[in-house]
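For reference, the structure is listed below as structure tokens.
Derivation of every value follows stated rules applied to the coordinates shown; laboratory data play no part. Since the model is a prediction, treat every value here as computed from it, not as a measurement. Virtual Cβ from ideal backbone geometry, glycine too; neighbours counted across all protein chains shown.
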Amino acid sequence: MIQSENPDKLEESIEKIDQNIIIRNMAKKVKEEKAMILVTKIFLYGFIAVITLIGVTNIFNTITSNMELRQKEFAMLKSIGMTKKEFNRMINLETIFYGSKSLLYGIILGMIGTYFLYLAFSIKNNTFLFPVAAIAISAIAVFILIFVIMKYSVGKINKQNTIDTIRKENI
């Protein structure tokens, strides 16, 4: 075993002296492994980004479609005296219920999946760690995302004329 500042140059020098010597350049192996890890990380983070964008798009589409389908209901509530403050409070409560329910299901299913991955890939001496930080980040991101989408949808609904919405739905 030889330690060198420039292992590639040393490998070439040894090969010039004798071609029959088997040389294992550990520095070259480390570089190759690091390059492979980098490619794997890029692929996985790209995959996660695409899945996240698909999920956000689905959430946006579901919530905005739900709000558009309920335009008549909202117009009726406003026409019988629901104030803007009460309407916003109702939508905010719905948002909290949507977020809580989705987080409940998502955290439970995610923990089951994580535990199965732990069982499949764990070394016998490792213990399962509950990913509290990841769950907290996910919960915050879900509530921010749902609130932003709801605010967008409510803004579109508030711009509409109540009487025109009711009239349009009755025709």
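Net charge dipole, the chain: roughly 920 debye, given to the nearest 20, about the Cα centre with Cβ charges of +1 for Lys and Arg and -1 for Asp and Glu. One Cα centroid belongs to the stretch 138-171, the other to the stretch 30-60; the line between them spans 33 Å. Legend: helices of the chain (whole DSSP H runs) are marked when their alpha-carbon atoms reach 24 angstrom or more along the helix axis and their mean Kyte-Doolittle hydropathy is at least -0.5; marked are 26-69, 84-121, 132-158. Count Lys and Arg as plus one, Asp and Glu as minus one, and take only other residues whose Cβ is under 11 Å from that of residue 7; the net charge is then +1.
Across the cross-link table entries 78/168; 72/156; 85/151; 101/159; 28/124, which are compared at the Cα atoms, the separations over 24 Å belong to 101/159; 28/124. Pairs of Cα atoms under 8 Å, at least six residues apart: use those to get the relative contact order of the chain, whole percent. Answer for the chain is 35 percent. Using only the Cα atoms, work out Rg/Rh for the chain, with Rh taken as the Kirkwood radius, to two decimals. When Rh is taken as the Kirkwood radius, the ratio is 1.32.
Taking a virtual spin label 7 Å from the Cα of residue 122 along the C-beta vector, which residues in the stretch 64-108 bring their backbone nitrogen under 18 Å of it? So the set is 108.
For the stretch 59-152, the average shadow cast by the Cα convex hull is 7.3 nm², which is a quarter of the hull's surface. Once the Cα-Cα distance is subtracted from the 0.36 nm per residue extended length, the residue 40 to residue 5 segment shows a gain of 9.8 nm. Quote the FRET efficiency, to the nearest 0.05, computed for residue 129 versus residue 62 with a Förster distance R0 of 35 Å and r equal to the Cβ-Cβ distance. So, using R0 = 35 Å, E works out to roughly 0.60.
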